[in-house]
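The values are calculated or read from the model by the stated rules, or taken from the named source; none is laboratory data. Owing to the predicted nature of the structure, the values given are computational and were not obtained by experimental measurement. Note that we place each Cβ from the backbone using ideal geometry, even for glycine, and neighbour counts take in every protein chain shown. When the accessible area is computed, the model is the full protein with side chains, heavy atoms only, and any ligands, DNA or RNA have been set aside. Shrake-Rupley method; radii C 1.70, N 1.55, O 1.52, S 1.80 Å.
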Amino acid sequence: MPAYKRILLKLSGEALMGDDAYGINRATIVRMVREVQEVTQLGCEVAVVIGGGNIFRGVAGGAVGMDRATADYMGMLATVMNALALSDTMRQEGMTARVMSALSIDQVVEPYVRPKALQYLEEGKVVIFAGGTGNPFFTTDTAAALRGAEIGAQIVLKATKVDGVYTADPKKDPTATRYATLTFDEAIGRNLAVLDATAFALCRDQNLPIKVFSIFKPGALKRVVMGEDEGTLVHV
Ligand SMILES: Nc1ncnc2c1ncn2[C@@H]1O[C@H](COP(=O)(O)OP(=O)(O)O)[C@@H](O)[C@H]1O
Ligand SMILES: O=c1ccn([C@@H]2O[C@H](COP(=O)(O)OP(=O)(O)O)[C@@H](O)[C@H]2O)c(=O)[nH]1
């Protein structure tokens, strides 16, 4: 039995690159989709928020002199492309997915309508939320917290490049150690940048726990969903 009835899974855009320099690595996206399929087969309702960092990151555009809001809209469009790729890969693997976008691009994706998203989830379809929050100056982590709260998910699962929350960025500080659990106030107070502070604060206020785990570790998603010891739990 899965430990959660409904989850919000945040998939890193950047992880979609696999070992490529940018874009979507075919083997990587297929592997991610199969992991999601495993948890749907356990009877868990799955909503996904996908990032866009493999195609475009607003802060990077902003850093080279581009208007930050414009760069962020480009980043949001990148998440729409990833969402379409993800949904198509799910279709090829025999799953049913629906993409709902925070930005209206009528010819391409259906708009986000909360009751419809809830209906899809109840029908056992995977719902992929594209376009982040629809607002510049936010991230897809914040979109995950927001949509997670809206759909009544029991937990937000952040599948990322590291296997949990560390005392410092493990990519920069090799002496950093991993937490098994920590509170939102500790994460925010210590400026732990594995998620942005807005996402942490929203989850804290809604009493919505977050689990951070590695997207590269085979079977990790299933273990998290089964309530087994994997990654780091951030809680109130
Ligand atoms: N305290 C920390 N613990 C774990 N990871 C951290 C920490 N501080 C910064 N990071 C970095 O945060 C990254 C994950 O966040 P992010 O770049 O938003 O990835 P994603 O593509 O999953 O959204 C990790 O790859 C890691 O290098
Ligand atoms: O609500 C949002 C979500 C995303 N973005 C933009 O989209 C980019 C891609 O999202 P993110 O960096 O969160 O993706 P990931 O880290 O998962 O690759 C961000 O850098 C922002 O520029 C945004 O402006 N508002």
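Filtered by the rule that a residue be surrounded by fewer than 24 Cβ atoms within 10 Å (Cβ to Cβ), outside any loop (DSSP other than H, G, I, E, B) and not hydrophobic (A, V, I, L, M, F, W, C), the stretch 46-71 gives Gly61, Gly62, Arg68, Thr70. If you go through the stretch 54-82 and keep only what is within 13 Å of Thr140 (Cβ to Cβ) and touching a Lys or Arg at 6+ places or on another chain (Cβ under 7 Å), you end up with Gly58, Gly75. Outside any helix (DSSP H, G or I), of a type in the set (A, V, I, L, M, F, W, C), at pLDDT 95 or above and open to solvent by 40 Å² or more (accessible area, probe 1.4 Å): does that describe Val108? Against the criterion (outside any helix (DSSP H, G or I), of a type in the set (A, V, I, L, M, F, W, C), at pLDDT 95 or above and open to solvent by 40 Å² or more (accessible area, probe 1.4 Å)), Val108 qualifies. Within the bounds of the stretch 78-96, is there any residue that is surrounded by 21 or more Cβ atoms within 10 Å (Cβ to Cβ), part of a loop (DSSP other than H, G, I, E, B) and not basic (Lys, Arg)? Scanning the stretch 78-96, I find no residue that is surrounded by 21 or more Cβ atoms within 10 Å (Cβ to Cβ), part of a loop (DSSP other than H, G, I, E, B) and not basic (Lys, Arg), so the answer is no. Note on the stretch 171-214: residues that are in contact with a helix residue (DSSP H, G or I) (Cβ under 9 Å, 6 or more places away or on another chain), in contact (Cβ under 8 Å) with a residue 12 or more places away in the chain, part of a loop (DSSP other than H, G, I, E, B) and open to solvent by 50 Å² or more (accessible area, probe 1.4 Å) total 1.
Note on the stretch 31-45: residues that are more than 20 Å from Asp20 (Cα to Cα) and open to solvent by less than 70 Å² (accessible area, probe 1.4 Å) amount to 9. Each residue in the stretch 1-20 was checked for being surrounded by 20 or more Cβ atoms within 10 Å (Cβ to Cβ), within 12 Å of ligand 2 (Cβ to nearest atom) and not aliphatic (A, V, I, L, M), and 3 of them qualify. Within the stretch 111-140, being touching a strand residue (DSSP E or B) at 6+ places or on another chain (Cβ under 6 Å), in a helix (DSSP H, G or I) and not small (Gly, Ala, Ser) holds for Tyr120, Leu121, Thr140.
Counting the residues of the stretch 153-200 that are within 15 Å of ligand 2 (Cβ to nearest atom) and either aliphatic (A, V, I, L, M) or farther than 22 Å from Glu228 by Cβ (or both) gives 14. Being of a type in the set (Gly, Ala, Ser), in contact (Cβ under 8 Å) with a residue 60 or more places away in the chain, surrounded by fewer than 24 Cβ atoms within 10 Å (Cβ to Cβ) and part of a helix (DSSP H, G or I): is that true of Ala145 here? The answer is no for Ala145. Against the criterion of being crowded, with 18+ Cβ neighbours inside 10 Å, among the hydroxyl-bearing types (Ser, Thr, Tyr) and closer than 25 Å to Arg223 by Cα, Thr28 qualifies. Put simply, of Gly23, Gly65 the only residue that is more than 26 Å from Val162 (Cβ to Cβ) and either within 16 Å of ligand 2 (Cβ to nearest atom) or out of contact with any helix residue (DSSP H, G or I) (no Cβ under 8 Å at 6 or more places or on another chain) (or both) is Gly65.
Evaluate the following for Asn82: is it more than 16 Å from the chain's Cα centre (by Cα), within 14 Å of ligand 2 (Cβ to nearest atom), of a type in the set (S, T, N, Q) and closer than 17 Å to Ile215 by Cβ?
On the way: more than 16 Å from the chain's Cα centre (by Cα): no; within 14 Å of ligand 2 (Cβ to nearest atom): yes; of a type in the set (S, T, N, Q): yes; closer than 17 Å to Ile215 by Cβ: yes.
Answer is no for this residue.
Do we find that Arg31 is among the basic types (Lys, Arg), modelled with pLDDT of 95 or more and closer than 17 Å to Glu228 by Cα in this structure? Full working, then the answer.
Values: among the basic types (Lys, Arg): yes; modelled with pLDDT of 95 or more: yes; closer than 17 Å to Glu228 by Cα: no.
Criteria not met by Arg31.
Would you mention how many residues in the stretch 20-69 are touching a residue at least 12 places away in the same chain (Cβ under 8 Å) and over 30 Å from Pro2 (Cβ atoms)? Looking only at that region, the number is 10.
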